[in-house]
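Structure first, commentary second.
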Amino acid sequence: MLFGSLKTTIDGLVEEYTTEKMPPPWLTYTIQNRPGAGNMHLVQKVFEGAFEFDIIYRPKNREMSFSSDYVTKQIETVKKNFDKKYLDVLKPQAPFTVSKYLDFSKSLFSNLIGGIGYFYGDQVVDRSYASEYDEENEGFWQEAADARARNQHKLEGPYELFTSVPSRPFFPRGFLWDEGFHLLPILDWDPELTMQILSSWFNLMDEDGWIGREQILGNEARSKVPPEFQVQYPHYANPPTLFMAIEGLLDKAEGKDTASRNELVDSKVLKAWLGSVYPLLQRHFDWYRRTQYGDLKSYDREAFSSKEAYRWRGRTEQHILTSGLDDYPRAQPPHPGELHTDLISWMGLFSRNMGRISAFLGETEDETKYNKIAEAIRRNVDDLHWDSGAKTYCDATIDAYEESIHVCHKGYISLFPFMTGLLGPDHEHLGDILDLIGDKEELWSPHGIRSLSKKDEFYGTAENYWRSPVWMPLNYLIVKNLLVSLENLHLTFRTNILTHVSRTSLSSLVLSRSALPPCTPNCVRTWLTLSTIHGSKPASRGSSTTLIPVPASARNTSPGGPA
């Protein structure tokens, strides 16, 4: 309709002036002024210089109309209320109380909240359950590619989702592992809104317990995504970050979150909500354990538990998109006997929180079950992934002699047991992990913790997406756990990042009280001039973590363990 109207205008001007003597574009590209009946109207205004106008909707049954002055006053009232609540909830500390920092952080948070939307439509899913998708054979990634090429996907739905998005103009859809980070500052702002969003995500779950990692709902959403990335596969997982938000809700209900002094969550309200979604959470947990298991029995691998080992499905030769760490170096060539450090760590966080949820709901048998799994994972992380020679955590694979070996690429993978809270302050390997974090020739930088060690052969190579850039969501997890482990190292880290912020026109960080809350992926990809410049697109992809207060329970914990 729009282009038809424009074409009518342009055709008339061509006939009157010819193509050589056309009027300027601001007169040429205009729609016809022909108002009429209908439930949709196109309005075009052409301005020269700065401009502002109001579009005011009035219900048909309302006699009084609003003036522009009235609308302006209402906008100012809303802005004042937002400013007050922002300071009350997030409580920025000096020097981040000055306007240049406040304006930046408010804009960041407003973009996150403003990106919350309702999405509805069908989705492309491959439920062929091809045998190649079991990924059991050597060369499985090639077999899986052949299966995908058969194009056995179909449209399913419609589905609906209420969620925030990584970027309104460029990624206007729900991303499963991004959403957990997005929800952490939203949780401080409005716990009820957080529960509504979580419920919407969990309601997408199918009968097996699967939730698609990207929610590309409807034709409009698909128009933003290349065809090869539109199809969702029911054996593909994503980091279960939504349970970080549930952990935050539990902290508020139990009075453990004293970093945020806004209203705590009513325990009765939370208990009722958790009770309503509890069967879905259990189904989701079981799906992860059933579909992302790692093979211990086929190889000579000694571990505390014969069950708790994990491997991401959906791997290609150079990528594991399902892990969220895309091009981070992994074992070469891929092997069905791989074990992935990051996934077992996420499962540790998942099982720990399932134990907390069960306890909160009074499900004592379930609490015992989940705590037992969590303990087995904690033990197996060391048994299966600690490399005493490299003094770090590593992925595992199978070599040419059918022996299990470690594949060590120091970086975020090495830190995952620490970032997910599996290493207590007295853990025997904590000192080595802190040494790795603090080593300037490995991960430490003036801008934050690098994704991959400077000494690694793949540092800064190929796409260089997770092969050197400083990713702020994971830096947030590092800082949160550093507070528990070593206060002095945290303070030095904080000083380094703040110094860099002042040098780079705010870069990516805005402190909320005494926390050091780094920003999430698109913040790094877009606004920043850190080591991860990827363009200048306005986005809030996880920029949420810039605003997260770290609980005082963590800040007040005395440092312990090896140093």
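The values are calculated or read from the model by the stated rules, or taken from the named source; none is laboratory data. It should be emphasised that the depicted structure is a prediction, and the values quoted were computed from it without experimental measurement. Note that we place each Cβ from the backbone using ideal geometry, even for glycine, and neighbour counts take in every protein chain shown.
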Those residues of region 423-441 which are within 23 Å of the chain's Cα centre (by Cα) and either exposed (fewer than 15 other Cβ atoms within 10 Å of the Cβ) or part of a helix (DSSP H, G or I) (or both) amount to 437
Residue list for region 166-175, filter: surrounded by 23 or more Cβ atoms within 10 Å (Cβ to Cβ) and in contact with a Leu (Cβ under 9 Å, 6 or more places away or on another chain):
174
Working only within region 298-341, note down all residues that are surrounded by 22 or more Cβ atoms within 10 Å (Cβ to Cβ) and on the phi > 0 side of the Ramachandran plot.
324
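Among the residues in region 267-275, are any within 25 Å of residue 379 (Cα to Cα) and not β-branched (Val, Ile, Thr)?
Filtering region 267-275 for residues within 25 Å of residue 379 (Cα to Cα) gives none.
Looking through region 267-275, none of the residues is within 25 Å of residue 379 (Cα to Cα) and not β-branched (Val, Ile, Thr).
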Of 177, 201, which residue is touching a Lys or Arg at 6+ places or on another chain (Cβ under 8 Å), modelled with pLDDT of 95 or more, more than 21 Å from residue 110 (Cβ to Cβ) and part of a helix (DSSP H, G or I)?
177
Can you tell me which condition residue 38 does not meet? The list is (1) at pLDDT 90 or above; (2) loosely packed, with under 10 Cβ neighbours inside 10 Å, and all the others hold.
(1)
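For residue 31, indicate whether it is of a type in the set (A, V, I, L, M, F, W, C), touching a residue at least 12 places away in the same chain (Cβ under 8 Å) and in a loop (DSSP other than H, G, I, E, B). Don't jump to the end; show me each part of the working.
Numbers: of a type in the set (A, V, I, L, M, F, W, C): yes; touching a residue at least 12 places away in the same chain (Cβ under 8 Å): yes; in a loop (DSSP other than H, G, I, E, B): yes.
So residue 31 passes the test.
If you take the residues of region 432-491 that are in contact with a Phe, Trp or Tyr (Cβ under 6 Å, 6 or more places away or on another chain) and in contact (Cβ under 8 Å) with a residue 60 or more places away in the chain, which of them is nearest to residue 407 (Cα to Cα)? Can you show your working first?
Residues of region 432-491 that are in contact with a Phe, Trp or Tyr (Cβ under 6 Å, 6 or more places away or on another chain), as a first pass: 433, 438, 451-452, 466-468, 473-474, 481.
Those left that are additionally in contact (Cβ under 8 Å) with a residue 60 or more places away in the chain: 451-452, 466-468, 473-474, 481.
On the way: 451: 16, 452: 14, 466: 17, 467: 16, 468: 18, 473: 24, 474: 21, 481: 25 Å.
So, considering only residues that are in contact with a Phe, Trp or Tyr (Cβ under 6 Å, 6 or more places away or on another chain) and in contact (Cβ under 8 Å) with a residue 60 or more places away in the chain, the one nearest to residue 407 (Cα to Cα) is 452.
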Could you go through region 229-246 and let me know if any residue there is surrounded by 14 or more Cβ atoms within 10 Å (Cβ to Cβ) and modelled with pLDDT under 95.
no
Consider residue 268 carefully, then state whether it is surrounded by fewer than 20 Cβ atoms within 10 Å (Cβ to Cβ), basic (Lys, Arg) and more than 22 Å from residue 337 (Cβ to Cβ).
yes
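Does residue 344 fit the bill of being of a type in the set (Val, Ile, Thr), surrounded by 17 or more Cβ atoms within 10 Å (Cβ to Cβ) and under 26 Å from residue 450 (Cα atoms)?
Numbers: of a type in the set (Val, Ile, Thr): yes; surrounded by 17 or more Cβ atoms within 10 Å (Cβ to Cβ): yes; under 26 Å from residue 450 (Cα atoms): yes.
Here the answer is yes, as residue 344 does meet what is asked.
Select, from 236, 278, the only residue that is in contact with an Asp or Glu (Cβ under 8 Å, 6 or more places away or on another chain) and among the aromatic types (Phe, Trp, Tyr). Before you say what the answer is, go through the steps one by one.
Details: 236 fails: in contact with an Asp or Glu (Cβ under 8 Å, 6 or more places away or on another chain).
Only one candidate passes the filter, namely 278.
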Quick test for you: out of 392, 397, 420, pick the one residue that is over 25 Å from the mean Cα position of the chain (by Cα) and more than 18 Å from residue 337 (Cβ to Cβ).
392
Can you work out which of the residues in region 72-129 that are part of a helix (DSSP H, G or I), among the polar types (S, T, N, Q) and more than 22 Å from the chain's Cα centre (by Cα) is farthest from residue 200 (Cα to Cα)?
99
Would you confirm whether any residue within region 77-90 is touching a residue at least 24 places away in the same chain (Cβ under 8 Å), touching a Phe, Trp or Tyr at 6+ places or on another chain (Cβ under 7 Å) and surrounded by 11 or more Cβ atoms within 10 Å (Cβ to Cβ)?
yes
Which residues, counting only those in region 365-407, are buried (at least 18 other Cβ atoms within 10 Å of the Cβ) and assigned to a loop (DSSP other than H, G, I, E, B)?
394
Checking residue 44 against (1) touching a residue at least 12 places away in the same chain (Cβ under 8 Å); (2) surrounded by 11 or more Cβ atoms within 10 Å (Cβ to Cβ); (3) under 36 Å from the mean Cα position of the chain (by Cα): exactly one of these is not met. Which one?
(3)
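Out of region 219-230, which residues are hydrophobic (A, V, I, L, M, F, W, C) and over 20 Å from the mean Cα position of the chain (by Cα)? Step through it out loud before you land on a result.
Applying the first criterion (hydrophobic (A, V, I, L, M, F, W, C)) to region 219-230 yields 221, 225, 229.
None - no residue of region 219-230 is hydrophobic (A, V, I, L, M, F, W, C) and over 20 Å from the mean Cα position of the chain (by Cα), so the list stays empty.
State whether one or more residues within region 155-162 are closer than 25 Å to residue 109 by Cβ and either at pLDDT 95 or above or among the charged types (D, E, K, R) (or both). Break it down stepwise before answering.
Filtering region 155-162 down to residues closer than 25 Å to residue 109 by Cβ leaves 161-162.
Now restrict to residues that are either at pLDDT 95 or above or among the charged types (D, E, K, R) (or both): 161-162.
Scanning region 155-162 turns up at least one residue that is closer than 25 Å to residue 109 by Cβ and either at pLDDT 95 or above or among the charged types (D, E, K, R) (or both).
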Determine if region 203-211 includes at least one residue that is under 22 Å from residue 345 (Cβ atoms), crowded, with 20+ Cβ neighbours inside 10 Å and in contact (Cβ under 8 Å) with a residue 12 or more places away in the chain.
yes
